[in-house]
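**Q** Here you go, one structure.
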Amino acid sequence: MASSVLNVGPETNLSRYLQDIRKFPMLSPEDEQRLSRSWRDKGDSKAAHALVTSHLRLVAKIAMGYRGYGLPLGELISEGNIGMMQAVRRFDPDRGFRLATYAMWWIRAAIQEYILHSWSLVKMGTTAAQKKLFFNLRRLKGQMQAIDDGDLQPEQVNQIAKSLGVPEQDVVNMNRRLSAPDHSLNAPLRADSEGEWQDWLVDEHDNQEETLAESEEFSGRKALLDNALKTLNERERHILTERRLKDEPSTLEDLSHTYNISRERVRQIEVRAFEKVQAAMKAEVEAHRGASMAD
């Protein structure tokens, strides 16, 4: 999967790179499925390369969202490209989802890990709470309109600490570390260019094709889940819904009182119900695939 276009080093002309990646075609769902299976089943490196390069614009778009941490955008894109390659290696086309949906997690994870190491957060600890603080502090400050450099007000520190579940001193320390000035989006791409960085910002609004594709994908997943839930009895369906399909899941204790059974028995029913739903969804996907091949 190696390619020079995936490595955006300091010597790379970033504006040229952003132009070049627009030349790679977007893939239709059918082409994506075909290439994904060719890579998974045959180890076809050309297929893998096509899958990666067709998503380089997605990587650049995600990397743009992390440009406020004072690191070169080219390096963020390079790390995101590594995440994209990892996503292609692990992608299973038989699950019924688009590669972009799956790859977003890998791209963000690769970029975030690079930022964390570059900022030497190991000296402060890299717990889940610390990472959450690092990547959410700017957003919360923006909501409070506390965008000026300098220390936060005590009440602002308290509010952020409570919101993210971290000590107030951690908020103060992190804010000071992130107080380096951002680069202006009106800065020229290079000294002899009239173009500005903001000219390359990707429109955050999905186009009509993307909106329709995402809507159809969501509807398909929901239909699969709804059909799979019908294979459960009423108690299994209720327990699974309460435990795994709600934003605030019910506790084993609550459900044990509802059904007058032990917490362990509730857990067993939850696991069995989840396995049955997984099996039903997989069987329906395979049935649809078989019907499509027959056509």
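**Q** Taking the stated definitions as given, is residue 89 within 29 Å of residue 279 (Cα to Cα), modelled with pLDDT of 90 or more, of a type in the set (D, E, K, R) and not assigned by TED's automatic domain parsing to the domain that holds residue 138?
**A** Criteria met by residue 89.
**Q** Return only the number of the condition from (1) more than 27 Å from residue 284 (Cβ to Cβ); (2) aliphatic (A, V, I, L, M); (3) buried (at least 20 other Cβ atoms within 10 Å of the Cβ) that residue 87 does not satisfy.
**A** Among (1) more than 27 Å from residue 284 (Cβ to Cβ); (2) aliphatic (A, V, I, L, M); (3) buried (at least 20 other Cβ atoms within 10 Å of the Cβ), the lone unmet condition for residue 87 is (1).
**Q** Residues of the stretch 23-80 being charged (D, E, K, R), part of a helix (DSSP H, G or I) and modelled with pLDDT of 90 or more, which ones?
**A** Result: 30, 31, 32, 34, 37, 40, 41, 42, 46, 57, 61, 79.
**Q** Quick one: would you say residue 103 is in contact with a Phe, Trp or Tyr (Cβ under 8 Å, 6 or more places away or on another chain) and either surrounded by fewer than 18 Cβ atoms within 10 Å (Cβ to Cβ) or modelled with pLDDT of 75 or more (or both)?
**A** Against the criterion (in contact with a Phe, Trp or Tyr (Cβ under 8 Å, 6 or more places away or on another chain) and either surrounded by fewer than 18 Cβ atoms within 10 Å (Cβ to Cβ) or modelled with pLDDT of 75 or more (or both)), residue 103 qualifies.
**Q** Let me ask something else. So residue 61 fits all but one of (1) crowded, with 21+ Cβ neighbours inside 10 Å; (2) under 18 Å from the mean Cα position of the chain (by Cα); what number is the exception?
**A** (1)
**Q** While we're on this one: Every residue in the stretch 90-114 that is touching a residue at least 60 places away in the same chain (Cβ under 8 Å) and either assigned to a loop (DSSP other than H, G, I, E, B) or of a type outside the set (A, V, I, L, M) (or both), please.
**A** Of everything in the stretch 90-114, those that are touching a residue at least 60 places away in the same chain (Cβ under 8 Å) and either assigned to a loop (DSSP other than H, G, I, E, B) or of a type outside the set (A, V, I, L, M) (or both) turn out to be 93, 94, 95, 96, 97, 98, 101.
**Q** Looking at the stretch 221-249, which of its residues are more than 20 Å from residue 283 (Cβ to Cβ) and surrounded by 15 or more Cβ atoms within 10 Å (Cβ to Cβ)?
**A** Residues satisfying the conditions are 235, 238, 239, 241, 242, 243.
**Q** Looking only at the stretch 255-295, filter to residues that are polar (S, T, N, Q) and closer than 18 Å to residue 221 by Cα; which one of those is modelled with the lowest pLDDT?
**A** 292
The values are calculated or read from the model by the stated rules, or taken from the named source; none is laboratory data. All figures in this text were calculated on a predicted structure; none of them were measured in a lab. A quick note on method: Cβ atoms are made from the backbone with ideal geometry, for glycine too, and the neighbour counts reach across all protein chains shown.
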